[in-house]
Amino acid sequence: MVVGHGFTNHVRKPFVTRLLHRLAREHTVIALDFRGHGRSGGRSTAGPLEVHDLDAGVRLAREYGHERVATLGFSMGGTVALLHAATGTHRPDAVVAVSAACRWWVRDTDAMRRLFWLAELPHGRLALRTLGVRLARPVAGIPTSPIEVAHRIPPTPLLLVHGTEDHYVGVDHPLAVHRATEGRAELWLERGVRHAETAMTPELVDRMTAWLGAATHEQRSERTAA
């Protein structure tokens, strides 16, 4: 399982570490710091170029000899996981996107507008550096959004997990991705759950882990039969 964190997070944050240890009870976990976060070099583009980081994680898992490799992304990492599943060089056997936006840099909520206020003003970018985030210059042009290519993800199993009380990304985003896949994605709308890693309960993590195990096993069986 290759895990991608949300914006401003990294693998050594305590709540992320707890989540990773929970996932590792059932699967081998490769957890990476996206560019511009934590111990990784470079600068964050808040998603579009981070697809290459996740792709490298999947490639590494294959090089380690794992025949079944899944991706699991949260918030920014979930949006990255969607785009990667549709366009990456090293595709996963299954993917879970939690609290993922279907387009880049949306400002549909007060929380997202505050986040972009930080990212776009000089003193806000300085504040983000204190959180361990190093931002790149704005990406030239308009990068492809997951909603534009989500139809390419099936037949790879896709699970969309979203809290009904998500204060960053509204439920219209997973619903849009679900429609784009013509209903071939599985959608869990979790009542009362908020946003990304901090909203995960042990029970929900275990359910996602079980889903990934079953989905990747099914994919492997189908390839063997073919």
| Just checking, how many residues over region 14-24 are touching a residue at least 40 places away in the same chain (Cβ under 8 Å) and either over 17 Å from Ser99 (Cα atoms) or open to solvent by 30 Å² or more (accessible area, probe 1.4 Å) (or both)? | 3
| request: Mind listing just one residue for me: the one in region 96-139 that is open to solvent by 30 Å² or more (accessible area, probe 1.4 Å), touching a Gly at 6+ places or on another chain (Cβ under 7 Å) and in contact (Cβ under 8 Å) with a residue 60 or more places away in the chain and, of those, nearest to Gly170 (Cα to Cα)? | output: Asp108
| said: Can you tell me which residue is surrounded by the most Cβ atoms within 10 Å (Cβ to Cβ) among those in region 33-60 that are under 17 Å from the mean Cα position of the chain (by Cα) and of a type in the set (A, V, I, L, M, F, W, C)? | reply: Phe34
| message | Show me the helices (runs of 4 or more DSSP H) entirely contained within region 86-199 in which 1 or more residues are over 20 Å from Arg43 (Cβ atoms) and among the acidic types (Asp, Glu). | response | 110-120, 146-149, 172-180
| said: Exactly one of these conditions fails for Asn9: (1) free of Cβ contacts under 8 Å to residues at least 40 places away in the same chain; (2) part of a loop (DSSP other than H, G, I, E, B); (3) within 25 Å of Pro143 (Cβ to Cβ). Give me its number. | reply: (1)
| said: Based on this model, can you work out whether Arg68 counts as touching a residue at least 40 places away in the same chain (Cβ under 8 Å) and open to solvent by 50 Å² or more (accessible area, probe 1.4 Å)? | reply: yes
| request: Evaluate region 138-147: report whether one residue or more is at pLDDT 95 or above and either aliphatic (A, V, I, L, M) or over 21 Å from Gly57 (Cβ atoms) (or both). | output: yes
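The values are calculated or read from the model by the stated rules, or taken from the named source; none is laboratory data. All figures in this text were calculated on a predicted structure; none of them were measured in a lab. A quick note on method: Cβ atoms are made from the backbone with ideal geometry, for glycine too, and the neighbour counts reach across all protein chains shown. SASA here: full protein model, heavy atoms, side chains in, ligands and nucleic acids out. Shrake-Rupley method; radii C 1.70, N 1.55, O 1.52, S 1.80 Å.
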